[in-house]
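Below is one structure, written out as structure tokens, with a few remarks after it.
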Amino acid sequence: MNRLFDKLKPKENKFFLLLHEMCEIIIKASDLIIECVKVTTHDDAVRYYIQIKELEHKADSVQSQIFEELNNTFITPFDREDINNLSSKMDDIMDLINSCSKRIVLYNPKRIPENATELAVLLRESVGYLVLAVEELDSFKKRPDKIKEYCAQLDQAEKKADDVYEHFLIDLFANEKDAIEVIKLKDILHELERATDASEAVGKIIRTVIIKYS
Amino acid sequence: MNRLFDKLKPKENKFFLLLHEMCEIIIKASDLIIECVKVTTHDDAVRYYIQIKELEHKADSVQSQIFEELNNTFITPFDREDINNLSSKMDDIMDLINSCSKRIVLYNPKRIPENATELAVLLRESVGYLVLAVEELDSFKKRPDKIKEYCAQLDQAEKKADDVYEHFLIDLFANEKDAIEVIKLKDILHELERATDASEAVGKIIRTVIIKYS
Amino acid sequence: MNRLFDKLKPKENKFFLLLHEMCEIIIKASDLIIECVKVTTHDDAVRYYIQIKELEHKADSVQSQIFEELNNTFITPFDREDINNLSSKMDDIMDLINSCSKRIVLYNPKRIPENATELAVLLRESVGYLVLAVEELDSFKKRPDKIKEYCAQLDQAEKKADDVYEHFLIDLFANEKDAIEVIKLKDILHELERATDASEAVGKIIRTVIIKYS
């Protein structure tokens, strides 16, 4: 019995509590970014950015705690790497949401297109499935199929997000004649798209963990 | 005798067959991207993009098979990491070629400069040497010098590609006055340049493997 | 006694000598980049770029030597990974400084804003603390607090650099009406900002090493 989550006992709960905290943070952040891309004034953008930045600091702190726990817990390097990958990729989602809202504040674009809201909603959807999958990890040997289903739905959301992002780019280059606005909007939405990619990457790590330990 | 490719036996052939498949895919893709940067109509660009996208899906599937094989095969983590690095970096080349052709389709630039063809030809050259080196890997203990020579030629191609990319940038900023075209072309050729970097990175991994196991 | 730097003996000095060389190179490069962003003629920019490029080649060679030493030295993979991470992240700083000066030469912007000098000075500051921390590594068991203090100061410099970069972006989008200049300057300063990020990343690796081995 040298499987991942058996080895983690009795530290197990600690890790799951920390992962759970990370989940809650990125859910909140993806709720906020939907509002942030809908703002019509700079002041509103700043307000959302401040809230998101705070969540980003919390995520950093959770990630550090996970990292320190891992180094103080006796588990093999390879397992350690999986857990660290998982939480650090979740932290990446947080960073990209933060970076998106920061760019809105710094660049102050004339208006943010509706595709941004669509993209943010799909990010929230994918993060929702991701969190469901992560929260099943402590019982994945009993119900691996549930996790696989969540990961499949996460992938669906990510594919839709890709389409939305592609349409945004086509629209942008076809219709926006102000090159500086092109730069701003391309940069802002790129962070959202990268956030959905990071969410897909978390799904891949989860699937890997299932293959390796089940 | 605890060398990499001895340990892989009798699974060895499986890995080499999969790596060989990956090689064939990126060769085809680099042939197609040369044509894709030469197109004069959007419809032609779309046609090449569709073919490249298909290859990208195939490469993903090969990469997944390699990953699963690695997890089902008893080899040490470090060796596993090398093989995984090798194939996933090759997959990166594929992704960047795909991304380049996708950008051509989405951005629809007025015209693509000739440096793009030059760059694509050098990418094809470097990928050619890379594939020769990878295909020698199963006999590298007999002929390490051949692999080293292919890697050296790969590096030569990459250096030439760097020069072409630099000249492209100088030309672009000196002559293109339409800022939106600057954004488009810079983004499109950047993916080609990154593809040659990824090819160089594969060369580095191969050299590392030789140092470690020969 | 299976701690990192004990295991390295008697090879220890070799590694520290190579790390020390790497430190000297990035110190010189960060001195040069301060001058390079202040230039008023293209010829001067080229002059600094040539010197920086030379340092970049030296850093590559040191990084290769470290890598080869690591592969010829009996130490566990995990320790090896730490040392390799450390020096390759330091090499990243060098690459980004090189890339920044290369972009100045290739893009030939009309003028480089003063924030660039501020940013380069902060990069130099952060690299200075980084080097102090790295040079303490061979005696970190005696004086871990010193290293922690240097890392804290490195973080301070990085935070200031973030602020300067943010102000640069706000200024740029508020005042620069030439979109092509926006592209150029954003790209040039982005490399400097990434260099300070890489410096912060080295700080994190050092802290990790301290947690793991002290």
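When A:ALA179, A:ALA157, A:ALA152, A:ALA174 are screened for being in contact with a Ser or Thr (Cβ under 9 Å, 6 or more places away or on another chain) and either at pLDDT below 95 or among the small types (Gly, Ala, Ser) (or both), only A:ALA157 passes. Selection of the stretch C:108-122 for residues being charged (D, E, K, R) and more than 19 Å from the chain's Cα centre (by Cα) yields C:LYS110, C:ARG111, C:GLU114. Residues that are at pLDDT 95 or above and of a type in the set (S, T, N, Q) were ranked within the stretch A:68-122; the one that is nearest to A:TYR48 (Cα to Cα) is A:SER101. If you filter the stretch A:24-71 down to residues that are within 19 Å of A:ASN84 (Cβ to Cβ), among the acidic types (Asp, Glu) and within 18 Å of the chain's Cα centre (by Cα), you find that the one that is most open to solvent (accessible area, probe 1.4 Å) is A:ASP60.
Put simply, of B:VAL39, B:VAL46 the only residue that is at pLDDT 95 or above and outside any helix (DSSP H, G or I) is B:VAL39. On the given criteria, is A:GLU166 at pLDDT 95 or above and either farther than 30 Å from A:HIS57 by Cβ or of a type outside the set (Asp, Glu) (or both)? Answer is yes for this residue. The residues of the stretch C:46-96 that are closer than 30 Å to C:GLU114 by Cβ and within 13 Å of another protein chain (Cβ to nearest Cβ), listed by number, are C:VAL46, C:TYR49, C:LYS53, C:GLU56, C:ASP91, C:ASP95.
The values are calculated or read from the model by the stated rules, or taken from the named source; none is laboratory data. Model, not experiment: these values are computed from the prediction. Reconstructed Cβ throughout: ideal geometry from the backbone, glycine too, with neighbour counts over all protein chains shown. Accessible surface areas use protein heavy atoms only, side chains included; no ligands, DNA or RNA. Shrake-Rupley method; radii C 1.70, N 1.55, O 1.52, S 1.80 Å.
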